[in-house]
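> I have a structure I would like to understand better, so I am pasting it below and will then ask my questions one at a time.
Since every read-out is calculated from the coordinates, none of them should be taken as a lab result. If you're wondering where the values come from, they're calculated on a predicted model, not measured in any experiment. Neighbour counts are summed over all protein chains in view; Cβ atoms, including those assigned to glycine, are modelled from backbone coordinates with ideal geometry.
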């Protein structure tokens with residue numbers, strides 16, 4: 001698969017100035033969108049009973065979608081859905097199913113971290129020996145095809 005830079009070089013070699021002008025305008029448009037659009041989620045917040053109540057209040061009092069509520073509060077839209085549809089996270093009970101699942105997942109991440117680090121080191125030390133070119137789909141066009 002060709003990169004955008006390689007594509008641009010090929011256009012330049014072929015003297016396709018109009019195509020290059022269009023490409024430049026598209027880049028400028030995309031750059032303008034990126035600088036204005038805020039990040040979807042700055043930092044995840046831990047779900048608490050207070051946050052769950054806040055989600056329910058926003059859902060009842062506004063016409064905001066679950067995604068908008070999630071963005072405003074800095075949580076995942078799936079969590080907002082769980083609170084609204086199933087009433088999860090409303091109690092501070094550490095034995096609630098969602099709290100048990102969270103604690104179990106956190107423990108697994110802590111236990112698996114050293115294994116993942118060792119695996120990453122092994123793959124780095126193996127180097128590029130086994131590096132292969134990815135197989136191209138028959139519908140893909142490469143720079144060599146031009």
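> Label-point separation (nm) for residue 119 and residue 17, each offset 7 Å from Cα along Cα-to-Cβ?
5.5 nm
> Could you line up 72, 88, 33 from fewest to most neighbouring Cβ atoms inside 10 Å? Don't skip to the answer; put the middle values down first.
Values: 72 14, 88 17, 33 9.
Placing the least packed residue first, the sequence is 33, 72, 88.
> Quick one: order 58, 47, 64 by neighbouring beta-carbon count within 10 Å, fewest to most. Write out the running numbers ahead of the final one.
Working: 58 17, 47 21, 64 14.
Listing 58, 47, 64 from fewest to most nearby Cβ atoms yields 64, 58, 47.
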